[in-house]
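The structure appears right after this line, and notes come after that.
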Amino acid sequence: MKEAAELEDCLQGKVVRIYGIYSAAFEGSVLGNLKEGPDAWMSGEQFYSVAERCSSPAALREWKNPKGGTFGVVALGILRGRDGFLGFGHMNAFDYEFQVLCLDEMKRFSDSTVIFESQTADVQKAMTSWYNKHH
């Protein structure tokens with residue numbers, strides 16, 4: 001697996017399609033994966049009008065759902081790395097941000113937003129199966 005710095009140089013500011021695990025809750029919007037690698041803050045404010053027009057209606061409904069949860073997500077967007085001192089997201093805690101342009105899929109795994117290891121066994125199995133299918 002490439003180091004985060006190598007990936008940042010390669011992908012910085014580029015439009016990319018991601019297949020990841022998304023966890024949303026109050027003050028949380030975290031995009032990650034089931035393997036090693038940095039998490040990113042997932043945001044939609046910059047291009048929300050674009051995302052509304054091009055996203056799957058079902059995926060957009062899940063994304064706008066105020067109760068949050070943990071999802072499998074397939075999306076098109078712009079990946080940005082930290083530029084200087086400030087990071088992204090809640091308390092500037094993330095080195096990366098994924099700015100959503102279009103949501104193709106949001107598959108709900110759980111209403112919970114806890115880390116993978118704390119999910120129930122059936123949710124872990126569903127997440128792993130979905131993730132492996134896309135990678």
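The values are calculated or read from the model by the stated rules, or taken from the named source; none is laboratory data. Everything quoted here is computed from the prediction, not taken from an experiment. Heads up, the Cβs are rebuilt from the backbone with ideal geometry, glycines too, and the neighbour counts pull from every protein chain shown.
Return yes or no: is Arg17 charged (D, E, K, R), modelled with pLDDT of 90 or more and under 29 Å from Val123 (Cα atoms)? Outline the logic, then answer.
Details: charged (D, E, K, R): yes; modelled with pLDDT of 90 or more: yes; under 29 Å from Val123 (Cα atoms): yes.
Spelling it out, Arg17 is indeed charged (D, E, K, R), modelled with pLDDT of 90 or more and under 29 Å from Val123 (Cα atoms).
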Select from segment 42-58 the residues that are modelled with pLDDT of 90 or more and within 13 Å of the chain's Cα centre (by Cα) and write down the one among them that is surrounded by the most Cβ atoms within 10 Å (Cβ to Cβ). Met42
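Counting just the residues of segment 73-87 that are surrounded by 21 or more Cβ atoms within 10 Å (Cβ to Cβ) and modelled with pLDDT of 90 or more, which one comes out nearest to Ser23 (Cα to Cα)? Working first, answer last.
Of the residues in segment 73-87, the ones surrounded by 21 or more Cβ atoms within 10 Å (Cβ to Cβ) are 73, 75, 77, 80.
Of the ones still in play, those that are also modelled with pLDDT of 90 or more are 73, 75, 77.
On the way: Val73: 10, Ala75: 14, Gly77: 17 Å.
Checking each candidate, the answer is Val73.
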Look at Glu3 and say whether it is at pLDDT below 90, surrounded by 14 or more Cβ atoms within 10 Å (Cβ to Cβ) and either among the basic types (Lys, Arg) or farther than 18 Å from His134 by Cα (or both). no
Looking at (1) in a helix (DSSP H, G or I); (2) in contact (Cβ under 8 Å) with a residue 40 or more places away in the chain, can you tell me which one Asp122 breaks? (2)
Which condition breaks for Phe98 when tested against (1) buried (at least 20 other Cβ atoms within 10 Å of the Cβ); (2) farther than 20 Å from Ser56 by Cβ? (2)
